[in-house]
1. Below 8 Å between Cα atoms, with a sequence gap of 6+, how large is the relative contact order for region 113-235 in percent?
2. Placing +1 at every Lys and Arg Cβ and -1 at every Asp and Glu Cβ, with all other atoms neutral, what dipole size does the chain have around its Cα centre, in debye to the nearest 20?
3. Any idea of the accessible area per residue across the chain, 1.4 Å probe, to the nearest Å²?
4. Remind me, relative contact order of the chain in percent, using alpha carbon pairs under 8 angstrom and six or more residues apart?
5. Loop only per DSSP, at most 13 neighbouring Cβ atoms within 10 Å: give me the trypsin sites (Lys or Arg not before Pro) in region 143-227, ordered by residue number.
6. Under unit Cβ charges (Lys, Arg +1; Asp, Glu -1), what dipole magnitude, rounded to 20 debye, does region 127-171 have relative to its Cα centre?
7. Summarise the accessible area of region 92-218 (1.4 Å probe, protein heavy atoms) by the percent that is carbon and sulfur.
8. If you count the DSSP beta bridges with both ends in the chain, what percent of them are antiparallel, to the nearest 5?
Amino acid sequence: MANVRSPAVAGQFYAGTESSLQRQIEECYTHEHGPGRIPEVGAGPRNILGLVSPHAGYPYSGPVAAHGFARLAEDGKPDSFILLGPNHQGIGSGVSIMTTGKWSTPLGELETDNPLAEAIRDSASIIDEDEVAHSREHSVEVQLPFLQHLFGNEFKIVPICMMMQDKETNEEIGQAIAESASEEDVVIIASTDLTHYEPQEAAVSKDGKAIDEILKLDPQGLIRTISDENISMCGYGPVSAMLYAAKELDAQKANLLKYATSGDTSGPMPQVVGYGSIEVTR
């Protein structure tokens, strides 16, 4: 029997039962900062290669995340999603992948894409097989219910958790993904929030500079800007790795779908967190 990774943040970051979670996701779509409608899945051109998606609690970042998932619905269902998230817990390997087993949420169980995950692991010496890093981490998990709401459980996942986010690591991961997925129908989701706990004006200013580098498809520029501007973006490594991979897979452009802060989505507060939804396409 396959090992099942149980949800770590169900009932905390998102609703803990199937019916309440379905409602919560639909409310993210219809929220004043959401796309305004619940999407329908189309056949689509399948042009999306990568997606930047936030990972805070759904009441805060869910409406922003919904913009990216609405675009995925329009673009059509890929066979698999490669999900890159930062390691907030500080446990497990520096870069951790799971190549077997299933992931469970209140909306069902998702299978790991074993052949693709093994190919990525074997293509990068920096990536370790490690379940511990994923056991309590939320950055990948919170993406899954949105995907299940759209596509049921009829897709597979490759979860990668990154504690190490230096340029060399990001580039090696991106190259491994590009080599392994060159003949596959996949979308690479980079899970990140942007500026953490600064006043609204400062967050918007800093986040705009980071977003500009993503829109230029410039992973090195993103890393440099994060350092130079002291931007507390937790998942710049996953975003950088996604950009390296997407460029190798012939990405042509990136589009900002939505930016907002926790002060926008949940009401004014003295310090906010920034969220962005960005698509990277052929």
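1. Numbers: 76 pairs, mean separation 34.8, N = 123.
Averaging sequence separation for qualifying contacts and normalising by length gives 28 percent for region 113-235.
2. Details: 19 positive and 41 negative charges, 117 e Å.
Roughly 560 debye for the chain.
3. On the way: 10740 Å² over 282 residues.
Per residue, the chain has an accessible area of 38 Å².
4. On the way: 663 pairs, mean separation 72.2, N = 282.
Computed value for the chain: 26 percent relative contact order.
5. Numbers: sites: 156, 167, 206, 209, 216, 224; in loops: 216.
Here the trypsin sites (Lys or Arg not before Pro) that fit, given the DSSP loop and packing criteria, are 216.
6. Numbers: 3 positive and 10 negative charges, 57 e Å.
The calculation lands at about 280 debye.
7. Answer for region 92-218 is 45 percent, counting heavy atoms of protein chains only.
8. Values: 21 of 44 bridges.
For the chain, the DSSP antiparallel bridge percentage is about 50.
The values are calculated or read from the model by the stated rules, or taken from the named source; none is laboratory data. For clarity, every value in this text was computed on a predicted model and none was experimentally measured. Cβ atoms come from the backbone with ideal geometry, glycine included; neighbour counts cover every protein chain shown. Surface areas here come from the heavy atoms of the whole protein model, side chains and all, with no ligands, DNA or RNA. Shrake-Rupley method; radii C 1.70, N 1.55, O 1.52, S 1.80 Å.
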